[in-house]
Amino acid sequence: MKLLVIADDFTGANDTGVQFAKKHARTEILLDSTQKHSWFADVVVLNTESRALNAQVASENLRNSLKPFLSQKDKPVIYKKIDSTFRGNIGAEIETIMSETGLKLAIVAAAIPAAGRVTLNGECLVHGKALIETEFASDPKTPIVSSRIQTILHQQTTLPVIEVNLDQIRSGRFATWLQAQAPTQGSIIVTDAENDEDLALIAEAVFSIDRPCLLVGAAGFANALPENIFMDKKQGLPLFIVAGSMSSATIEQVNYAQTHCDASVIDVDVTQVLAATTQDNYMAALIKEISQTLNQQKHTIIRTSRDVQDRHHIDDLCNTYGMTRNELGKNISDFISLLTLNTLSVASIGGLFLTGGDIAIAVANTLGAKGYRIQSEVLPCIPCGTFIDSEIDDLPVITKAGGFGQITTLCEAIKYIEEIYCEK
């Protein structure tokens, strides 16, 4: 996640979130802070449903909601989504976010020119009419007392509110002025904006200075943000293939993919998997190796068997570790499924390929899947779908029985995933 949007109502969360989604960012709306977003989200929009609360309660709820996001290693850019007619606890919530994050500047750009909402001389106008003269002034839950944004904000915060007019926005010197603002004092900067070009100038200036700012606005400012703020450059993501079958067909498919599709193959040593004293360290080493390969955008295969003769050594393994065949298989499947889960928490992939029935169901269970939604067929009897309500959400998942497919099957699956990303 690169961008966290904090909204105070559900429809507002959606109308701002769609500004990112229409640019192909993976955008997820959370209805409360206890919900989890997927590992693959670019933008997370958190709805606090706080517009009609009193300011103190709204601030405390927001403070608690921020904690899990601010504890992340890579801190996201924060966008405080506000109502474009300034209903709600805007001043209090801006101050809370600045206090919790340490940000010293909040840039308020509330205009939505396409919806007839602009800011001129520090005042909010709706279709050319002063805000105080519109129906929003008599809102049944959150009435408005002024058209001037500075006055509205000062109802809820003691932070200084500085107005920036259109001439300054369009002068080409707005970024220089922003850079010069004292970094030791928190300030709220209210910007005029009459059209989308003005909002683009504001966004350009904000991201040209060398200190992070709290972004505050509605759908208009969100639409003006540069794409690199909320989304990495789109590229094909690698296929992660978990080969848990001893069948000769799967072994041949893996070898072929390694030589013909430049896929990296990482062998899992089952003796280290079964040895209780080394299992944890081995898991950590494998996660590091696999994730490094995947994050280099290389298609990656992990396999538990590299030779058809391995099936003849199962009884020896059972005797060595005092297990039945079923216990042996379950131990290996549990390890591989946990390895998959832990790897996906630190690596970006374009799809998951599971071959071998025991491994496939173990991975599905470990990822919390409630079912499998089939969407297409990659090759005869080899479906592609998604795990329902799982940790990996709608990531493509391809499954294959161990003995199915031709020697080129894994290469065809790699091509299939690559084409999905080419179409986006």
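Annotation: per residue accessible area for the stretch 186-267 equals 37 Å², rounded to a whole number [probe 1.4 Å, protein chains only]. For Rg and Dmax of the Cα atoms in Å, which listed value, (i) 21.8, 73; (ii) 26.8, 85; (iii) 26.7, 94, comes from the coordinates shown? Matching entry in (i) 21.8, 73; (ii) 26.8, 85; (iii) 26.7, 94: (ii). When the residues Met98, Met323 are ordered by accessible surface, computed with a 1.4 Å probe over the protein chains alone, the sequence from largest down reads Met323, Met98.
Per residue, the accessible area of the stretch 1-160 comes to 43 Å² when a 1.4 Å probe rolls over the protein heavy atoms. Shown are Asp139, Asp167, whose ranking by accessible area with a 1.4 Å probe and every protein chain present, most to least, is Asp167, Asp139. What does the C-alpha gyration tensor say about the overall shape of the stretch 1-116? Classify as rounded when a/c is under 1.5, otherwise prolate if a/b is larger than b/c, or oblate. Rounded, because the longest to shortest axis ratio a/c is under 1.5. Note that the stretch 276-372 presents 50 Å² accessible area per residue, ligands and nucleic acids not counted, probe 1.4 Å.
Would you mind calculating the relative contact order of the chain from Cα pairs under 8 angstrom and at least 6 residues apart, reporting the percent as a whole number?
Once normalised by length, the contact order is 14 percent.
The peptide list 335-345, 277-287, put in order of mean Cβ contacts within 10 Å with the highest first, becomes 335-345, 277-287. Could you work out what % of the accessible surface of the chain is carbon and sulfur, using a 1.4 angstrom probe and leaving DNA, RNA and ligands out of the count? Within the chain, the accessible surface is 49 percent carbon and sulfur.
The values are calculated or read from the model by the stated rules, or taken from the named source; none is laboratory data. None of the values given here were measured: they were computed from a predicted structure. When we count neighbours, we look across all protein chains shown, and the Cβ atoms used for this are built from the backbone with ideal geometry, even at glycine. Note: areas computed on protein heavy atoms with side chains; ligands, DNA, RNA excluded. Shrake-Rupley method; radii C 1.70, N 1.55, O 1.52, S 1.80 Å.
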